[in-house]
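Data first, discussion second: the structure below is written as C-alpha cells.
The values are calculated or read from the model by the stated rules, or taken from the named source; none is laboratory data. Please read all numbers here as calculations on a predicted model, not as lab measurements. Neighbour counts are summed over all protein chains in view; Cβ atoms, including those assigned to glycine, are modelled from backbone coordinates with ideal geometry. The area values use the complete protein model at the heavy-atom level, side chains included, leaving out ligands, DNA and RNA. Shrake-Rupley method; radii C 1.70, N 1.55, O 1.52, S 1.80 Å.
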Amino acid sequence: MSLLASSILLAGTSGVAQAQDRGQAAATYQVKLTAQPLSEALRALSRQTGLEIVFRPELVRGRNARAVSGKFSAQNALDRLLLNSGLIVRYANGTAILERAPAQRQPAALVAPASAAATVGASEDNTSEIVVTGTYSASISDALDRKRSANNVVDSIEAVDIASFPSQNLAEALQRLPGVTIERDRGEGLFVKVRGLGANFQVTLLNGQSIAVNENVRDSGQSGRQFRFDTIPAELVAGVDVVKSPSANLEEGAIGGIVNIRTFKPLDLDSGKLVVSAAGSYAEKADRVDPNFSTLASWKNDSETFGALIAATYSKRSTRQDRLTGISWGVDELDLDGDGTGDGEYLHPWSLRPTLEQEDRERYAVNAAVQFAPSDAVNLALEGFYTRLNDYYDELTYSVGFDPETLEAGSAVVKDGVVVGGISQSDSQISRDISDMVHQNWFVGLSGDIRAGGWTFHPKAYITRALSDTAGPITRTRLSGPIGRVRFTMPKAESGAMPTVELLDSNLDQASLLPFRRIEWRPLKSIDKEHAYGLSVDRPVDFGPFVSVDFGAKYRSRSRDYDRRDLKIETLKGQHFDGTYFNQFPYSDFLSDMQGSLPTSWVQPRPDPFWNESDTSAVANPERTRADLRNSYQIDEQITSVYGMANFDSFVGALPFRGNIGMRYAHTRQTSSGHAETGTEALPVSFTSTYDDFLPSANLVVEPVRDVVLRFAAARVITRPSLADLAPRLTLNSSGLIFEANGGNPQLKRFQAWQYDAGVEYYFAPRSALIASVFYKDIGTFVYNQVTDFTVDGNVYALTAPTNGGEAWVKGLELAFQHQFTFLPAPFDGLGLQANYTVTDSQASYNATLKDDLAGIAKHSYNITGFYENGPFEAWLSYSWRGNVLQSVGTNDRLSTNSKAFGSMDGSISLRVTDYAQISLQGINILNAKQLDYVDDNWLGGYTDYGRTVRLSARVSL
C-alpha cells in the first residue's frame with residue numbers, strides 16, 4: 001500500500017514547506033489535545049499547527065494518545081504525542097511521515113501507551129500491536145518497554161520471534177521475572193507463584209478473558225482454580241504479562257498477580273506469514289527422544305481490514321522420576337531400652353515409599369483467529385483455542401515402616417534428640433498404579449472496539465470449557481503384608497543422602513513374598529465450564545488532570561462437576577502368586593544418584609492377570625457406593641461485577657504524572673453440593689453462600705527526571721477459595737501402614753487483603769534498567785491446610801483439609817537489573833545480563849497457639865540470565881533459585897513439611913543459518929538438580945529426581 005493510499009492529513013503542504021523555508025520551523029502554537037485515539041489526535045494536531053502528517057492506518061490502529069496541552073512547536077508537540085508509541089517521525093519537504101521504530105528501539109508498540117486506559121493486561125486491551133524482533137535481547141527489551149509504559153506494576157515476557165518463545169514452557173519462562181517462582185511436575189513447569197503466594201492466589205487470563213481450568217485426575221490431590229501451564233504450548237503465545245497491582249477494569253480474584261497470556265492477531269503480522277518448526281527432545285532419565293512440531297500461518301487483505309490466522313502444535317514428552325515419597329514423621333513416647341517404661345517423647349519416622357514414576361505425554365493444540373477492522377472506528381476479533389494433552393502414567397512403589405511399638409531394645413539411633421532409626425517389625429505394600437488421562441481445553445471468544453461519538457465500546461463474550469478425564473480408569477494393583485524385621489535410619493535432607501533400609505528377613509524381588517491385597521479401580525472426570533459476557537465503555541474527558549473515564553459490567557457463570565468412582569476389588573485377597581504375575585523391575589539405576597542403601601528393585605505387578613482372575617462385575621453396576629458419593633461434587637459460581645475508573649495524565653509544573661483510580665464491585669454466589677461423611681455414612685448436602693466486595697484501587701506513575709519512573713499503588717483485593725476446597729468431599733487413602741485422607745470445607749471464607757506497592761525504575765541506558773520495588777499485603781482472612789485425625793469405620797486417618805485461619809501479612813522487596821554491555825569492544829559488545837532478586841517475609845496466625853510463616857512462600861528467590869548475541873549467533877544461560885518453602889502446617893511445628901531450597905539452570909545456543917532459518921540447542925536442568933523436602937531440623941521428608949533434558953530444534957520463517 002502506498003503512502004498516498006494511506007491516511008494523509010492535509011493542512012496545506014506548500015504552506016508548511018514555505019514556512020520552513022522562511023526559517024519559521026520553530027514557530028510555537030497553542031496546542032490542546034485530550035487523551036484520545038492516536039489517529040484522531042494526529043488529525044487534531046494537524047489542524048491546530050498546520051503540519052502535514054502522513055501515516056499508514058495499521059500503524060495507529062488501536063493506539064491511544066496521551067493528552068498534550070500548552071505552547072509547543074509543531075515538531076515538539078508531535079514528539080510528545082508519540083512518546084512511548086513505538087513510532088518515529090521522518091520529515092520530507094516539511095511533511096511528517098510516521099514510521100515504525102527499528103526493532104531494537106521498539107518500545108510501547110507492545111502495549112497501550114502510558115495514557116488513558118494504559119493498563120497492561122486489561123480486558124479492553126484487545127488491539128495492542130504485537131511486535132516480534134527475532135533476538136532474545138530484543139524480546140526482553142520489548143518487555144522492559146512494556147513495563148515502562150504501563151500504569152500498573154507489571155512484568156512481561158515477550159516472544160523472541162513468531163512461534164518462538166524463550167522457553168518450551170510458559171511457566172519456565174516466567175520464573176525469570178522478579179517475584180515469580182514456579183512449581184514443577186516431572187520436571188516441567190506446572191503452576192506459577194507471584195510474590196511468594198501460591199498458584200491459587202493468581203488469576204490466569206487468555207487475551208484478557210478467563211479460561212477454564214483443567215483438574216488433576218492422576219490422584220486424589222486437586223488443583224481447584226490453579227491454571228495448568230503445561231496445557232498451553234509456548235509456540236502459540238506472543239507474550240505473557242504478570243500484573244502485580246490491579247486496576248478497577250481488571251478481573252478480581254488475585255492477591256498474588258494476574259497472569260495474562262497473549263496470542264498472535266492476524267492484522268498485527270505480515271500477510272502470507274508462514275512459520276514451521278521441528279524439534280527433538282532427549283530426556284536423560286527416560287532415555288528417549290520425543291518429537292515436537294509447530295506451524296503458524298497468517299493472512300490479511302491488501303487494505304489490511306480483514307485477516308485470519310491459524311497455528312498448530314504437536315509434541316510428545318517422556319518422563320521418568322525417581323522419588324522418595326510418603327515419608328511421614330510422628331512424635332510419641334518411646335521405650336528405647338526395652339524396660340517397659342517410656343524414655344521420653346521423641347520425633348521419629350513412620351514410613352517411606354520409594355517410587356518410580358513414568359509418564360508419556362502427547363499434546364495437540366490449535367489456535368485460530370479472525371480479525372475485522374474496516375475503519376479506525378471498528379475492530380472486531382473472533383478467536384478460538386483448543387488444546388488436548390494425553391497423559392499415560394505408570395507408577396511403581398513399595399512402602400516400609402518404622403513401628404515404635406516393636407522397636408528392639410538398644411537398636412534405636414538417636415541424633416540431636418531425634419530417633420532417626422532402629423530395628424522394628426514392618427509391613428510393606430507393593431503397588432502399581434496406571435492411569436490414562438486426557439486434558440482438553442476449549443476457548444471461543446468475541447471481543448472488539450467500536451467508536452461512536454467520542455465513546456469507545458468494548459463488547460466481549462466468551463465460552464470456555466476444560467475436561468479432565470481418565471480415558472482408561474486408574475487401576476492400582478496392590479499386594480500387602482508383613483515383611484519381618486527392618487533396620488531403618490533416616491538422614492538429613494542433604495544432597496545425595498538416602499535412607500538406610502535393610503530388610504533383615506525378606507526380599508522384595510521374591511514374587512511370592514506378599515499376599516494379594518486388592519485392585520482399586522477409579523474412573524475420574526472433571527468438567528470446568530464458564531461463560532461470560534460484558535461491556536465496557538470509555539471516552540476522553542478534559543477535567544483537571546483526568547483524561548478519560550472507563551466503565552464496565554460483566555457477568556460470569558462457572559461450574560465444576562467432579563465425578564469419581566471408587567471400587568475395591570478384593571476377590572484374590574490373601575492369595576500368593578508366582579513370577580508369571582510379575583515383571584522384572586525396568587531400571588538398574590533407580591535412585592543411583594543417592595548415597596545410601598535401600599532396596600532399589602522389587603517385583604512389578606502385571607495388572608491384567610490379576611484383573612482377569614478377579615470378579616469385576618461391580619464395574620458394570622451404575623449404583624454409586626459410599627466412597628463414590630463422598631468423592632464427587634458440584635460447584636456452581638455466579639459473579640456479577642461492575643466498575644468505574646478514571647485515568648489521569650498531566651503535569652504539576654514540569655513534573656509529569658499519570659495513572660488511574662477506580663472502584664470495582666463484585667457479587668459472588670457459590671453453591672457446593674455433594675455428600676458429607678459422618679464417619680459411618682455419606683449424607684447428601686448442599687451449601688450456598690453469597691458475598692459482596694467493594695474493591696478500590698489506585699495506580700500512580702511519576703517521572704521526576706528523565707529516565708526515572710516512580711510507582712505507587714494501593715488496592716483492596718480478594719482470592720476466592722479453591723473450587724476443590726469448597727467441596728463437601730472426602731478421599732481416603734491407605735496402604736495398610738499409612739492412613740491418609742484429603743477433604744474439603746464448604747464453609748470456607750474468601751481471602752481478603754489490602755495491598756500496597758512502591759517502586760523506582762531507572763532506565764540508565766537503551767534496553768537497560770535498574771529497578772527496586774517494595775510491596776505489602778495485609779491479609780485479613782485466609783485459608784490453610786491443617787492435618788487432624790478423622791475416624792471412618794474405626795480407622796483413624798490423618799485428614800488434610802482446608803480451614804479458615806486468622807490474620808496474615810506478606811511483605812517483600814524486589815530488585816531487578818537489565819543491561820547490554822554495548823560499550824565493550826567487539827566481540828564482547830554482544831554480552832548482556834538480566835537479573836532479579838526477591839526477599840519475602842510473612843507471618844500467619846493459624847490458631848491461638850500456632851504462628852508460623854504463611855504456607856507456600858519462599859523467603860528468598862532470584863534469577864540471573866546472561867546472554868550473548870553476535871550476528872547470527874545467540875546464546876543464553878539462566879539460573880533460577882528459590883529458598884526453603886513451608887508447604888503445610890501439621891498438628892505442631894515439628895511436623896510441618898517444607899520444601900528445601902532449589903535451583904535449576906537452563907540454557908540455549910542458536911544459529912541463524914539463513915535469513916529464514918535458525919537452529920537451536922537447549923538444555924533444561926543442566927546441573928541435574930534434585931528437589932528435597934524436610935521436616936523439623938532438616939530431616940528428610942521427600943526426594944525427587946527428574947534428570948536433564950536436551951532439545952534440538954529447527955525453525956523456518958517465510
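Taking the three principal axes of the alpha carbon atoms in the stretch 28-100, the coordinate ranges are 29, 29, 19 Å, sorted in descending order.
Of the peptides 366-372, 232-238, 575-581, the order by per-residue mean of other Cβ atoms within 10 Å, starting with the highest, comes out as 232-238, 366-372, 575-581.
On the chain, 54 percent of the accessible area sits on carbon and sulfur atoms, based on a 1.4 Å probe. Highest mean packing comes first when the peptides 550-560, 188-198 are listed by Cβ atoms within 10 Å, giving 188-198, 550-560.
In the context of the full set of protein chains, the chain has a per residue accessible area of 36 Å² (1.4 Å probe). When only alpha carbons of the stretch 236-285 are considered, Rg and Dmax amount to 17.3, 48 Å.
Relative contact order, whole percent, for the stretch 28-100 stands at 38, derived from Cα pairs under 8 Å and 6 or more residues apart. Dividing the convex hull volume of the alpha carbon atoms of the stretch 136-263 by its residue count gives 101 Å³ per residue.
When its C-alpha radius of gyration is set against 2.2 N^0.38 Å (N residues), the chain gives a value of 1.02.
Relative contact order for the chain using alpha-carbon pairs under 8 Å, separation at least 6, rounded to a whole percent?
Numbers: 2826 pairs, mean separation 91.1, N = 958.
Computed over the chain, the figure is 10 percent.
The peptide list 505-518, 471-484, put in order of mean Cβ contacts within 10 Å with the highest first, becomes 471-484, 505-518.
If you take the beta carbon distance between ILE463 and ASP337 as r and set R0 to 56 Å, what does 1/(1 + (r/R0)^6) give as a FRET efficiency, to the nearest 0.05?
Calculated transfer efficiency: 0.20.
Sorted largest first, the principal axis extents computed over the alpha-carbon atoms of the stretch 500-555 equal 87, 32, 12 Å. Each residue of the stretch 720-852 gets 183 Å³ once the volume of the Cα convex hull is shared out per residue.
When the alpha carbon gyration tensor of the stretch 385-504 is reduced to an equivalent ellipsoid, the three semi-axes, largest first, read 57, 22, 10 Å.
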